[in-house]
Amino acid sequence: MTDVSILGTGLMGAAMARVLLRNGYSVTVWNRSPAKASHLKREGAVIASSATEAITASPLVFFVILSYDNVRALLTDALEHRDIGDVVNVVTGSPTEADELEAWTRENGITLLDGALLTYPKGIGRDDTVVLYSGDEGAWRRNETMLRGLAGGSQYLGHQARLANAVDHVSLSFVSIVQTAMLSTLAYAQVLGVPREQAVARMHRSLTNMKGYLDYALPMVDSGDFSATESTIDTWALSTRDFARGWRDAGLSGKAIAAAAETVRGAQEAGLGQFDLAAVYQFELGQADSSS
Ligand SMILES: NC(=O)c1ccc[n+]([C@@H]2O[C@H](COP(=O)([O-])OP(=O)(O)OC[C@H]3O[C@@H](n4cnc5c(N)ncnc54)[C@H](OP(=O)(O)O)[C@@H]3O)[C@@H](O)[C@H]2O)c1
């Protein structure tokens, strides 16, 4: 037996194996293509000849591969062994996949911690690196020291396995939207002939102001009172439509601004035109209610 097993020694799994070895744990590794795991033997890892061998070699088993389906397939092969330890899945996926894996592991008597890695491999082993975990609390408590050795800022969010994934999705959706908007806007500025330093200064200013925007919008979101005091969704629908036209006239794809214009227009068509822009929140929730 070893202390911990890692299935998947790609970029992330190999980084985790190295840090665990450096932290003094005995580590079993397995990789679908054996060549990617064999170099870890020199560093002290035990190489398993099959996934099942790795799964049953340690009381804590990490999955660092590419899909939830593959995690379930490898665990299915190992099910006949009653000695499967705590499973920690750090594969990137969706909250729904986490729900499904949680239900399946529960049915099969496996304890699951689902994790979201908020880091690149180079961050593994650092005190300030964050990995979010959710799922079986006992598994978190039993393994907390080892998990914090991999990422000192790790947090346990709660017993629903989907939580880590859900927080990751919220955080990265926001980052994806804002970063894509930033880069597309820089291109728009370039085509319009706005000097780079002007464009960057305006964007910096807007980013600073946006922190204040949350303080402005949250009381409306919390109270459900979206009465407009500054500008309405009708006004925003007109201006975002005009912005989108400007991007198209400039020959750009305009997809980033079109997404904003379409969202505001959706809220307008849902009858929220006379409310503050913050009512977009209510519009989106209305979509979720009508689809469920
Ligand atoms: N790298 C990062 O910066 C980062 C950051 C956050 C989260 N993550 C997440 O960490 C996970 C691993 O990422 P990575 O960067 O290590 O990727 P990677 O370097 O591409 O490694 C992928 C690993 O998955 C294995 N794999 C793929 N399909 C498989 C299958 N059907 N059955 C068994 N093993 C399979 C690969 O095995 P083979 O070698 O045989 O192909 C390899 O070990 C992903 O979910 C990723 O989203 C990565």
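The values are calculated or read from the model by the stated rules, or taken from the named source; none is laboratory data. This one's a predicted model, so the numbers in the text were calculated from it and none came from an experiment. So basically every Cβ, Gly included, is an ideal-geometry build from the backbone, and we count neighbours across all protein chains shown. The accessibility values were calculated without ligands, DNA or RNA, using every heavy atom of the protein model including side chains. Shrake-Rupley method; radii C 1.70, N 1.55, O 1.52, S 1.80 Å.
In segment 194-291, if the dipole is taken from +1 on Lys/Arg beta carbons and -1 on Asp/Glu beta carbons about the Cα centre, which of THR235, LEU272, SER291 is farthest to the positive end? Projecting each Cα onto the dipole axis, the largest value belongs to THR235.
What is the list of residues in segment 5-25 whose amide nitrogen lies under 19 Å from a point 7 angstrom out from the Cα of ARG42, following Cα to Cβ? So the set is 9-23. With each label modelled as a point 7 angstrom along the Cα→C-beta vector, the ARG148-SER239 pair spans 4.8 nm. One chain, two ends: TYR216 and THR263. Fully extended at 0.36 nm per residue, the span grows by 15.0 nm beyond their Cα-Cα distance. The relative contact order of segment 1-146 comes to 21 percent, based on Cα pairs under 8 Å that sit 6 or more residues apart. For the chain, the per residue solvent-accessible surface stands at 55 Å², with DNA, RNA and ligands left out and a 1.4 Å probe. Close amide H partners of ALA151, meaning residues 5 or more places away or on another chain with modelled amide H under 5 Å apart, are GLY125. Taking all protein chains together and a 1.4 Å probe, the residues TYR120, TYR25 rank TYR120, TYR25 from largest to smallest accessible area.
Can you send over the carbon and sulfur percentage of the accessible area for the chain, probe radius 1.4 Å, protein chains only? So the carbon and sulfur contribution to the accessible surface is 55 percent. Relative to the present Cα-Cα distance, how much length would full extension add between SER94 and ARG248 at 0.36 nm per residue of separation? Extra length available between SER94 and ARG248 comes to 52.1 nm. Taking Cβ atoms as reference points and 13 Å as the exclusive limit, the residues near LEU7 contribute a net charge of +1, counting Lys and Arg as +1 and Asp and Glu as -1. The residues packed around ASP234, meaning those with a beta-carbon under 15 Å from its beta-carbon, carry a net charge of -2 if Lys and Arg are +1 and Asp and Glu are -1.
Just ARG202, ARG148, ARG106 to compare: in a GNM of the chain, with alpha carbon springs under 10 Å, which one fluctuates most? The residue with the greatest mean-square fluctuation here is ARG202. Sorting 137-144, 8-15 by average packing, meaning the other beta carbons within 10 Å per residue, from highest down gives 8-15, 137-144.
Could you tell me which of rounded, prolate or oblate describes the chain, using a ≥ b ≥ c as the square roots of the eigenvalues of the alpha-carbon gyration tensor, with rounded for a/c under 1.5 and, failing that, prolate when a/b is larger than b/c and oblate otherwise? In terms of gyration-tensor shape, prolate. Which part of segment 124-149 falls in the paramagnetic zone of ALA103, meaning amide N under 18 Å from the point 7 Å along Cα-to-beta-carbon? 135-136, by backbone N distance to the label point. Within a straight-line Cα-Cα reach of under 25 Å, LYS41 can be paired with the following lysines, leaving aside sequence neighbours fewer than 8 residues apart in one chain: LYS122.
Cα centroids of segment 120-176 and segment 1-39: 19 Å apart. A crude spin-label estimate for the pair GLN282 and ARG141, with each label 7 Å from Cα along the Cβ direction, gives 4.4 nm. Net charge dipole, the chain: roughly 1340 debye, given to the nearest 20, about the Cα centre with Cβ charges of +1 for Lys and Arg and -1 for Asp and Glu. Just checking the listed ones, GLN155, GLN179, GLN282: in the Gaussian network model of the chain with Cα springs under 10 Å, the one fluctuating most is GLN282. Among ALA35, ALA45, ALA161, the residue with the largest mean-square fluctuation in a Gaussian network model of the chain, with springs joining Cα atoms closer than 10 Å, is ALA35.
Summing charges over all other residues whose Cβ lies under 15 Å from the Cβ of LEU192, with Lys and Arg as +1 and Asp and Glu as -1, gives +1.
Antiparallel beta bridges, as assigned by DSSP with both residues in the chain, represent about 30 percent of the total such bridges.
Taking each DSSP H run with n ≥ 4 as -39500 (n - 2.57) and averaging over every residue of the chain yields -18000 deg cm²/dmol at 222 nm.
Seen through its C-alpha gyration tensor, with square-root eigenvalues sorted a ≥ b ≥ c, segment 82-172 comes out oblate because a/c lies at 1.5 or above while a/b is not bigger than b/c. You can think of it this way: the chain between GLN190 and ARG82 has 32.7 nm of extra reach, that is 0.36 nm per residue less the Cα-Cα gap.
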